[in-house]
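Worksheet: the structure to be examined is printed underneath.
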Amino acid sequence: MSEVLRHIGRNVRIGRGVKIWHFTYIGDNTEIGDETKIGSLVHIDYNVKIGRRCKIEGMAYIPPLTVIEDDVFIGPGVIFTNDPYPMSPKMIGVHVESGAIICAGAVLKAGIRVGSRAVVGMGAVVTKDVPPETVVFGNPARVRYSLVEYLEKKRRWEEG
C-alpha cells in the first residue's frame, strides 16, 4: 500500500509547503499556515487555527477552538483539551503564542494561554497560563526558570 492514508475535512485551508504524514486527521474549517509539518497519527479537530512554520509531532491531539500561532513546536503525544467541565456543550480552546515549545506528553487544560517563546517540559500538566519566555514543568506545571537560563543549558548541552 503506497498511498498515504489521511482524512482532510471540508473547508480546510492548507498553506504552501505544508507536509502532512500518514494516518492524520484534519477536521472541517481548519487553517494550517505555510511550511508547517504535521506528523503521523495526529488528530487536528474542526475549527483549529495553526500558524506558519509549526512542527507538530506524531500522536498529538488538537481539539476544536485551539489556536497555535507561528513557529510553534508541539512534541509527540501532546494533548490539548477544550472542555473544562466534560461533557459541557460550552468549550474553550488553548491558545499557544508564537515561538512556544510544548514538549512530549504534555497535557494542557482548556482555556489556558502559553506565552510567546515559553517552554512546556515533557509530561507537564498545565493548569494555568504560562508566562512568555518561561520554562514550566511538573504536575501541576509551575515556572522553573527563564528562557535565558533554558537557552544557556541548551547551549552547554549542544557544545558538550
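The values are calculated or read from the model by the stated rules, or taken from the named source; none is laboratory data. As the structure is a computational prediction, the values presented were derived from the model and not from experiment. Here Cβ is always computed from backbone atoms with ideal geometry, including for glycine, and neighbour counts include all displayed protein chains. For accessibility, only protein heavy atoms count, side chains too; no ligands or nucleic acids. Shrake-Rupley method; radii C 1.70, N 1.55, O 1.52, S 1.80 Å.
To test your reading of the geometry: what angle, between 0 and 90 degrees and rounded to tens, separates the Cα axis of helix 147-159 from the longest principal axis of the chain? Rounded to the nearest ten degrees, it is 90.
For the options Gly17, Gly93, Gly111, a Gaussian network treatment of the chain with springs between C-alpha atoms closer than 10 Å singles out Gly17 as fluctuating the most.
Just check the chain against the gyration tensor rule for me: Cα atoms, a ≥ b ≥ c as the square roots of the eigenvalues, rounded for a/c under 1.5, and otherwise prolate or oblate depending on whether a/b exceeds b/c. Oblate is the answer for the chain, as a/c is 1.5 or above yet b/c matches or exceeds a/b. Positive end of the dipole of segment 63-160 (Cβ unit charges, origin at the Cα centre): among Ile79, Asn139, Val126, the Cα lying farthest that way belongs to Asn139. Phi angles of segment 19-28 translate, via the Karplus equation with coefficients 6.51, -1.76, 1.60 and θ = phi - 60°, into HN-Hα couplings of 10, 10, 8, 4, 6, 9, 10, 10, x, 4 Hz per residue; Gly and Pro are given as x. Our helix-only sum for the chain, with -39,500 (n - 2.57) per DSSP H run of n ≥ 4 divided by its residues, gives a mean residue ellipticity at 222 nm of -2500 deg cm²/dmol.
Each residue of segment 81-88 is assigned a 3J(HN,Hα), and the resulting list reads 10, 9, 9, x, 9, x, 9, 7 Hz, derived from the Karplus form 6.51 cos²θ - 1.76 cosθ + 1.60 (θ = phi - 60°), x at Gly and Pro. Think of segment 13-111 as having a plus end and a minus end, set by charges on the Cβ of Lys, Arg, Asp and Glu; of Thr24, Val67, Ile92, Thr24 sits farthest toward the positive end of this dipole.
Our estimate of slack between His43 and Arg13, defined as 0.36 nm per intervening residue step minus the Cα-Cα distance, is 9.2 nm. Accessible area per residue for the chain, computed on protein heavy atoms with a 1.4 Å probe, is 56 Å². Given +1 at the Cβ of Lys and Arg, -1 at the Cβ of Asp and Glu and no other charges, the dipole of the chain around its Cα centre is 100 debye to the nearest 20. Pairs spanning more than 23 Å between alpha-carbon atoms, out of Lys49/Lys90; Lys49/Lys109; Lys90/Lys128; Lys19/Lys49; Lys37/Lys90; Lys128/Lys154: Lys37/Lys90; Lys128/Lys154. Distances between placed amide hydrogens fall under 5 Å for Ile20 paired with Ile38, all partners being 5 or more residues away or on another chain. Close amide H partners of Val119, meaning residues 5 or more places away or on another chain with modelled amide H under 5 Å apart, are Ile101, Thr134, Val135, Val136. Give the residues of segment 62-77 whose amide nitrogen is closer than 12 Å to a point set 7 Å from the Cα of Asn29 in the direction of its Cβ. The answer is 64-66. Applying the Karplus relation 6.51 cos²θ - 1.76 cosθ + 1.60 with θ = phi - 60° to segment 55-70 yields 3J(HN,Hα) values of 10, 10, 6, x, 6, 7, 10, 10, x, x, 6, 6, 10, 10, 6, 5 Hz, where x marks Gly and Pro.
Taking other residues whose beta carbon is less than 11 angstrom from the beta carbon of Val136, and scoring Lys, Arg as +1 and Asp, Glu as -1, yields +2.
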